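Structure first, then comments.
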Amino acid sequence: LTREDIENRLILPNKDKVAQAKNIYSYLKRLLSHAIDQDYVEIDPAKKIKNPILEIPNKKRDIFLTRDELGKSFQALYEDNTIPDEYKIALHLLLMLMVRKMDILANKWSNIDFERKEMFIPNTKNGTNLIVPLPWQAVKLLEILKNDYGTDGYIFKGKINGTHLAHNTLWCHWDKIKNKMLDGKNIINNKDIKLHDFRHTSSTLLHSEGFRPEVIESALNHVKQSVWGRYNQHEYLPERTKLLQHFADMIDNLIGQNYLPY
């Protein structure tokens, strides 16, 4: 593979498929990095390609759920009898644990330690491994799943045997919730809240609670591009434990105990 092969034949960026181009570029870098680690290849041509060369803009979103919108949307979620419980739990955990979609949807039961109350996420988007301390609410939700679906393979199983739940499936159910009306008004004020915006929501709310920015960034698994940042991926574990428990308690209070499954 040459740089030109990757740039012109594999990625094919254009203004209508920016997100797809960025995803393919990310997968190629991870794939080739693994190939180098296993001594299959010696050179990673993807490393020579930068986003500006591909003309892929990095658009930063700052959209998030307010406290009132969070409470109402998750009340509507738990009241909706057309959405299976496992999808409700997936959305709740996605918000509560501040992780990326695939870090939880593609994770397996073997990475859950109920005794230590931790979730291990291998090979995250930025190439690091991550330990996520589990609030007691997360443990309860996982125990519900364990009792209903067992602990074989993926935590959230796909419709095809041996696959995990697709994020598009989860998005379809969230799309149903975000378009709900209450007293003649949209429950989230017509915001185009995507699943990734759950992370913006958690960051915004926790900053307002006075948590240190570096601890919030660590919980979001935003690794700094410095040597210090790369080698401190497990830093702040005690602080992250307190932060995630505080956030889980906040979510409980906003939703209300009458709606929660635990």
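Just so you know, in region 143-189 the residues that are assigned to a helix (DSSP H, G or I) and of a type in the set (S, T, Y) include one that is farthest from N81 (Cα to Cα), and it is Y149.
Annotation note: Cβ proximity below 8 Å between a residue of region 214-228 that is at pLDDT 85 or above and among the charged types (D, E, K, R) and a residue that is part of a loop (DSSP other than H, G, I, E, B) and open to solvent by less than 70 Å² (accessible area, probe 1.4 Å) (sequence gap 6+ or interchain) occurs for E214/Y236. Of all residues in region 196-209, exactly one satisfies the criterion of being outside any helix (DSSP H, G or I) and modelled with pLDDT of 95 or more, namely E209.
Does any residue in region 134-154 that is farther than 14 Å from F114 by Cβ come within less than 9 Å, Cβ to Cβ, of a residue that is of a type in the set (A, V, I, L, M) and open to solvent by 30 Å² or more (accessible area, probe 1.4 Å) six or more places away or on a different chain, and which pairs are these? Matching pairs, first to second residue: Y154/A106. If you take the residues in region 154-172 that are modelled with pLDDT under 95 and open to solvent by less than 50 Å² (accessible area, probe 1.4 Å), which one is farthest from the chain's Cα centre (by Cα)? My answer is G158.
The values are calculated or read from the model by the stated rules, or taken from the named source; none is laboratory data. Note that the structure is predicted; figures quoted are calculated from it, not measured. Glycine gets a Cβ as well: all are built from the backbone with ideal geometry, and neighbour counts include every protein chain shown. These area figures cover heavy atoms from the full protein model, side chains too; ligands, DNA and RNA do not enter into them. Shrake-Rupley method; radii C 1.70, N 1.55, O 1.52, S 1.80 Å.
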